[in-house]
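**Student:** I have a structure I would like to understand better, so I am pasting it below and will then ask my questions one at a time.
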């Protein structure tokens, strides 16, 4: 079996109501897909962030992969990574391009063997996982009633947990906002907050202490994604779990954070870290 073709697809959907977090506001959601086709017609799909990643897939990585065995995932991953590393493209959009292709190669392997990826990774230890709702973003001219109706809707839909944003308002205003959500959903629904790297360590500790009475499950990305010492400072100062990792890009970055136990909860993002 050989790789015959790689194609990229960019999907974009405008939002009826733009929403934001501490770093940005967006009016549309987009995703990049990669389709890998083999000489026997087997197709694998993978997801990346699109945009410039598609150029990396089509112009840099596809020529390296045509004619290769798609089940040689590790060998092809190393080939892609080192090619992009030497060109200063191994992280960011380049890393996302690798992620999409690697996921597609796993998809092909699973189809060829007739096995789910969980079995290829060694087997399942559970047959289901709990899910939570990510929402409760900032919206322009935000109305408290609409925010609380959204939170209530997640509970009515059966979600046992939800996550909201902080870091886009003054600390006191964000605390008031989170408290209103907690009061609306009650004490039995799990509640998490995500700052998207909004704070330095001292500010993160300040708001974390104010939020502590609200029984949060975790505080996500309190400080800059690369600030190991900041994470350790926040983690040692607050009672709730500290989560992070979605903006790390390589196993080597994760190794530094994990060896120092900077996270309670690790959140790798499969479209950014080079795939599965």
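**Student:** I'd like to verify a number: residues in the range 57-93 that are under 15 Å from residue 249 (Cβ atoms) and touching a strand residue (DSSP E or B) at 6+ places or on another chain (Cβ under 9 Å), how many?
**Tutor:** So the answer is 1.
**Student:** Quick one: is residue 167 at pLDDT below 95 and on the phi > 0 side of the Ramachandran plot?
**Tutor:** For residue 167, the condition - at pLDDT below 95 and on the phi > 0 side of the Ramachandran plot - is not met.
**Student:** With under 18 Å from the mean Cα position of the chain (by Cα), part of a loop (DSSP other than H, G, I, E, B) and touching a residue at least 40 places away in the same chain (Cβ under 8 Å) as the only criterion, which of 198, 225, 243 stands out? Before you say what the answer is, go through the steps one by one.
**Tutor:** Details: 225 fails: touching a residue at least 40 places away in the same chain (Cβ under 8 Å); 243 fails: part of a loop (DSSP other than H, G, I, E, B).
The unique qualifying residue is 198.
**Student:** Right, something else. Just give me the residues in the range 1-13 being more than 22 Å from residue 93 (Cα to Cα) and either at pLDDT below 95 or not in a strand (DSSP E or B) (or both), in sequence order.
**Tutor:** The first filter runs over the range 1-13 and keeps only residues more than 22 Å from residue 93 (Cα to Cα), leaving 1-4.
Correct list: 1, 2.
**Student:** Suppose the filter is within 22 Å of residue 246 (Cβ to Cβ), outside the structural domain of residue 195 (by TED's automatic domain parsing) and either part of a helix (DSSP H, G or I) or touching a residue at least 12 places away in the same chain (Cβ under 8 Å) (or both); does residue 46 pass it?
**Tutor:** Yes.
**Student:** Conditions first: (1) in contact with a strand residue (DSSP E or B) (Cβ under 6 Å, 6 or more places away or on another chain); (2) surrounded by 16 or more Cβ atoms within 10 Å (Cβ to Cβ). Residue 241 passes all but one, so which condition is the exception?
**Tutor:** Residue 241 satisfies every listed condition except (2).
**Student:** I would also like to ask the following. Restricting to the range 162-190, what's the tally of residues that are more than 18 Å from the chain's Cα centre (by Cα), without any contact (Cβ under 8 Å) to a residue 40 or more places away in the chain and within 24 Å of residue 24 (Cβ to Cβ)?
**Tutor:** So the answer is 11.
Residue-wise test of (1) over 18 Å from residue 271 (Cβ atoms); (2) surrounded by fewer than 23 Cβ atoms within 10 Å (Cβ to Cβ); (3) touching a residue at least 12 places away in the same chain (Cβ under 8 Å).
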| position | (1), (2), (3) |
| --- | --- |
| 58 | no, yes, yes |
| 62 | yes, yes, yes |
| 74 | yes, yes, no |
| 78 | yes, yes, no |
| 87 | yes, yes, yes |
| 100 | no, no, yes |
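**Student:** Among (1) free of Cβ contacts under 8 Å to residues at least 24 places away in the same chain; (2) under 30 Å from residue 73 (Cα atoms), where does residue 109 come up short?
**Tutor:** (1)
**Student:** Right, another one. Under 30 Å from residue 98 (Cα atoms) and buried (at least 16 other Cβ atoms within 10 Å of the Cβ), is that true of residue 271?
**Tutor:** Here the answer is yes, as residue 271 does meet what is asked.
The values are calculated or read from the model by the stated rules, or taken from the named source; none is laboratory data. Keep in mind that what you see is a predicted model, and the values were worked out from it rather than measured. As a convention, Cβ positions derive from the backbone with ideal geometry for all residues, glycine included, and neighbour counts pool all protein chains shown.
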